[in-house]
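Report on the following structure.
Bear in mind these aren't lab numbers, they're just calculated from the coordinates by the rules spelled out. Fair warning: this is a prediction, and the values are worked out from it, not measured in the lab. In this analysis, Cβ positions are derived from the backbone assuming ideal geometry, glycine residues included, and neighbour counts consider all displayed protein chains.
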Amino acid sequence: VPDALVADTVIEAFALEVYMKCLLVLLKVKPPKTHNLVALYSALPDLVRAELRDAYAAFCRSVPGWERTWQRAGIETDFDSIMAASDEAFNEWRYLYEDWPYTEPSAQKAWLGIPIMGIVRKAILRRRPDWAVHTLHLST
């Protein structure tokens, strides 16, 4: 696994965790002390979980290549499977090289949370549109 992929995965998984905790705080729900994304998602109210699921379904309809790419690799792309595959990404990937002998992460425990990260961010900004002005735009 290339070092840049490991770094990107750790940062993105942590960002999703922080976004979920932020959303919980905005909803006046005390976030659980965990890095587990499924546990954080489960702490959200039912209506918000449905909102995120609906947004993910809309993402899949708008980017059909997303599902096809992962399905060809034998990875399920429904919301629950994506969350289950990504639930411990921060913990699993940040210490990837500390286990010896080194083994590649399994396809079933991959980092697939990128679209969900954007969806949760948008859910936050719908509730706090004034925070959108603090968005950092980086040129690549």
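For the stretch 14-84, the relative contact order is 22 percent, taking Cα pairs closer than 8 Å that sit 6 or more residues apart in sequence and dividing their mean separation by the residue count.
In summary, the aspartates and glutamates within cross-link reach of residue 33, defined as a Cα separation below 15 angstrom excluding same-chain residues under 8 places away, comprise 17, 87, 88.
The local environment of residue 131, defined by Cβ-Cβ distances under 13 Å, has a net charge of +4 under the rule Lys, Arg +1 and Asp, Glu -1.
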